Amino acid sequence: MSDNDYLKDLLKSQRMEEGCDQLVALDEERDKVDALLREAFPNSDPDFTHGGSRAKGTMIREDYDLDEVCYFDNDDTGPGETLEEIYNNVAEMLEDEYIVVRKRSALRLKSKKGKDLYVDIVPGRYIDDNSTDVFLHQNEGDKERLKTNLETHISYVRDSGCTDVIQLGKLWRTRNDILIRTFPLELLIIEVLSGDNSGTLQERFERVLTAFVDEIDDIAIEDPANPTGNDLSFALTDKLRNRLRTVAEDTLDTAGEYGWEHVFGKVEKKATVLPRVAALTAAAASVGAAAPPWSDEA
Amino acid sequence: MERPWFETNPAAFDELRGILRRRYPTLHTEVADLKVRIVGTFAVLGDVELSDRYSICVELPNDYPRSIPSVWETAGRIERVIDRHVFPRTGALCVGVPVELWVRLAGDFGIVNYLEKALRPYLIGNSLVEEGKPWPFDESPHGSEGVLEFYQRFIGNSDPAAVGNFLIAILQNRLRGHWNCPCGSGKPIRNCHETNVRALRSLPNFLLASSVDHMISLLEMQTARSN
Ligand SMILES: [Zn+2]
């Protein structure tokens with residue numbers, strides 16, 4: 001099998017089909033939050049809909065979550081007067097059912113037992129009656145609010161012609177534990193390929209990694225929904241650029257030396273998949289005796 | 001200031017990077033503050049259908065590969081509590097009693113040996129505990145008790161005074177093969193726990209000395225309790 005065929009198979013193995021367990025679980029949580037919102041804010045009629053990779057067509061099995069935006073009407077004060085109040089009121093409402101982790105603009109849901117549910121809720125408010133632009137509250141950074149547009153984001157990525165490379169890039173990011181968020185990664189990939197998006201999946205992915213090695217410091221990204229207004233520099237620090245460069249270099253070297261299958265591992269499906277505990281137990285048996293873990297503090 | 005190992009021995013550093021490319025393509029070296037850290041994910045289960053990866057950072061010691069590296073789980077998956085075998089102060093994982101790690105890895109803390117023989121079992125154990133299963137290997141008590149328990153398993157003696165004196169004899173190079181075995185069998189060492197005793201004799205002095213300190217603090221606790 002050629003490297004390019006391998007990479008295409010790899011993406012196929014990462015695809016999340018409608019109806020798979022993970023998506024069903026996400027949808028159940030989504031519907032639960034939807035009902036909670038309607039109950040808590042009976043006089044509001046927020047747009048509660050998919051954002052993120054589900055809408056963009058870039059979900060992968062090994063790194064997925066559900067971004068649900070919850071946008072209130074411009075003149076709706078039911079959920080709060082200010083953006084910050086909306087953010088906090090939605091968070092507090094969700095805290096009856098979930099552990100809520102307050103991120104920059106999103107609220108991450110965990111079960112009360114602490115299990116991550118892979119669901120982010122993004123509260124916001126339309127800037128006026130006619131536009132699809134919204135303001136989001138920002139917990140961090142110097143600006144308290146952020147103007148953005150979900151539809152612009154979705155179509156920018158979904159229609160970029162790069163969603164396959166983006167999926168591969170996300171897998172690469174996750175496997176190598178590179179702490180770049182999805183949106184800046186998508187923007188970087190689209191920016192690199194905007195010059196030349198020709199060739200096979202392998203050629204295009206290698207083009208992206210080569211650009212990370214050679215010119216990561218010079219690649220600028222901007223928010224397509226607000227090119228001059230939203231500073232994305234926080235999302236791409238020097239440390240992160242360095243990490244992208246070194247991991248991209250290692251990855252290209254490894255792929256050159258051993259091929260792409262060595263980088264991402266075999267994808268053919270086993271005839272029988274062991275249950276998780278059985279697989280771990282077998283793994284424990286195969287390492288033989290182990291030094292018992294310990295701590296020097298009693 | 002002494003130059004770090006990866007500068008004095010660039011060939012060893014290249015070799016390390018070559019090993020990572022060949023065996024662990026999702027782990028990468030990161031050089032900062034005169035230290036080499038290995039950062040990325042480590043797969044306990046590597047199938048697409050059944051994947052279990054840990055985000056880790058392994059900090060190599062300045063005398064790599066001679067001393068024990070430190071390791072962190074960096075995604076907040078393992079709770080920072082002593083019962084999950086994490087040093088609460090630093091957040092580093094306690095993958096084993098240092099003397100025991102030394103013995104099991106025969107003093108070779110090269111990256112492959114360390115990841116396969118020290119870290120992998122620990123992480124597999126953690127994944128099983130997450131699934132509600134018991135720890136699949138032996139588990140040491142914390143602190144000095146854990147060190148004593150190692151000697152109990154290894155040379156069959158659980159009396160801190162006897163273990164301490166035995167280790168001091170090794171430190172002072174007084175130990176002889178015709179001595180009675182520390183396990184109390186009455187047989188000479190050379191006909192009993194000879195291999196294990198030889199492994200202890202190969203330990204660096206600082207580790208033996210630290211074990212002696214642990215035995216002394218156990219004796220102090222015993223005395224305090226009986227008073
Ligand atoms: Zn014996």
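Derivation of every value follows stated rules applied to the coordinates shown; laboratory data play no part. Every value quoted in this text rests on a predicted model; they were computed, and no experiment measured them. Positions of Cβ are backbone-derived with ideal geometry, glycine not excepted, and every protein chain shown enters the neighbour counts.
Against the compact-protein benchmark of 2.2 N^0.38 Å, the Cα-based radius of gyration of segment B:1-117 scales to 1.09. Note that segment A:105-167 carries a Kirkwood radius of 14.1 Å, evaluated over its alpha carbons pair by pair.
Neighbouring Cβ atoms from other chains, within 10 Å of the Cβ of residues in A:167-177, number 3 on average. Take each residue of peptide B:50-56, count the partner chain Cβ atoms within 10 Å of its Cβ, and average: the result is 4. The dipole here belongs to chain A: it is taken about the Cα centre, uses +1 on the Cβ of Lys and Arg and -1 on the Cβ of Asp and Glu, and is about 1160 debye.
In this structure, the residue pairs whose Cα-Cα separation is over 22 Å, taken from A:Lys56/A:Lys115; A:Lys12/A:Lys239; A:Lys56/A:Lys110; A:Lys266/B:Lys35; A:Lys103/A:Lys143; A:Lys103/A:Lys170, are A:Lys56/A:Lys115; A:Lys12/A:Lys239; A:Lys56/A:Lys110; A:Lys266/B:Lys35.
Neighbours of A:Arg276, meaning other residues whose beta-carbon lies under 11 angstrom from its beta-carbon, give a summed charge of -4 when Lys and Arg score +1 and Asp and Glu score -1. Between the helical axis of B:143-155 and the dominant principal axis of chain B, each derived from Cα atoms, what acute angle in degrees is found, rounded to the nearest 10? Its long axis makes an angle of about 70 degrees. Once C-alpha pairs closer than 8 Å and six or more residues apart are averaged by separation and normalised to the residue number of chain B, the relative contact order reads 12 percent. Explain nothing, just the number: relative contact order of chain A, from Cα pairs under 8 Å at least 6 residues apart, as a whole percent. Relative contact order for chain A comes out at 15 percent. Summary value for segment B:88-154: 26 percent relative contact order, contacts being C-alpha pairs under 8 angstrom separated by 6+ residues.
Of the residues A:Ile221, A:Ala255, A:Thr281, the one whose Cα sits farthest toward the positive end of the charge dipole of chain A, with +1 on the Cβ of Lys and Arg and -1 on the Cβ of Asp and Glu, is A:Thr281.
Take each residue in B:169-176, count the other chain C-beta atoms within 10 Å of its C-beta, and the mean is 0.
In segment A:140-298, inverting the average of 1/r over every pair of distinct C-alpha atoms gives 18.6 Å as the Kirkwood radius.
The reciprocal of the average 1/r between distinct C-alpha atoms defines the Kirkwood hydrodynamic radius, which for chain A equals 21.4 Å. On the principal axes of its alpha-carbon atoms, segment B:69-227 has extents of 51, 44, 28 Å, going from largest to smallest. To the nearest ten degrees, helix B:120-130 and the longest principal axis of the Cα atoms of chain B are 80 degrees apart.
Quote the charge dipole size of segment B:5-130 about the Cα centre in Debye, to the nearest 20; the model charges only the Cβ of Lys and Arg (+1) and of Asp and Glu (-1). Here the size comes out at about 60 debye.
Pairing the Cα long axis of helix A:238-258 with the longest principal axis of chain A, what angle in degrees results, from 0 to 90 and rounded to the nearest 10? Tilt of helix A:238-258: around 30 degrees.
For A:Val119, the amide hydrogen comes within under 5 Å of the amide hydrogens of A:Leu66, A:Leu109, counting only partners 5 or more places away or on other chains and with H modelled in the peptide plane. Diagonalising the gyration tensor over the Cα atoms of the protein assembly as shown and scaling each eigenvalue by 5 before taking the square root yields semi-axes of 51, 28, 21 Å, largest first. Cα-Cα pairs above 14 Å in segment B:142-189: how many percent? Roughly 51 percent, once rounded to a whole number. Considering only B:Pro182, B:Ser211, B:Val71, and ranking their Cα positions along the charge dipole of the protein assembly as shown that arises from unit charges at the beta-carbon of Lys, Arg, Asp and Glu, the one farthest toward the positive end is B:Pro182. Dipole check for segment B:144-226: with +1 at the C-beta of Lys and Arg, -1 at the C-beta of Asp and Glu, and the Cα centre as origin, the magnitude is about 420 Debye.
Across the options A:Ile99, B:Leu45, B:Gly164, the greatest Cα extent toward the positive end of the charge dipole of the protein assembly as shown (unit charges at beta carbon of Lys, Arg, Asp, Glu) belongs to B:Gly164.
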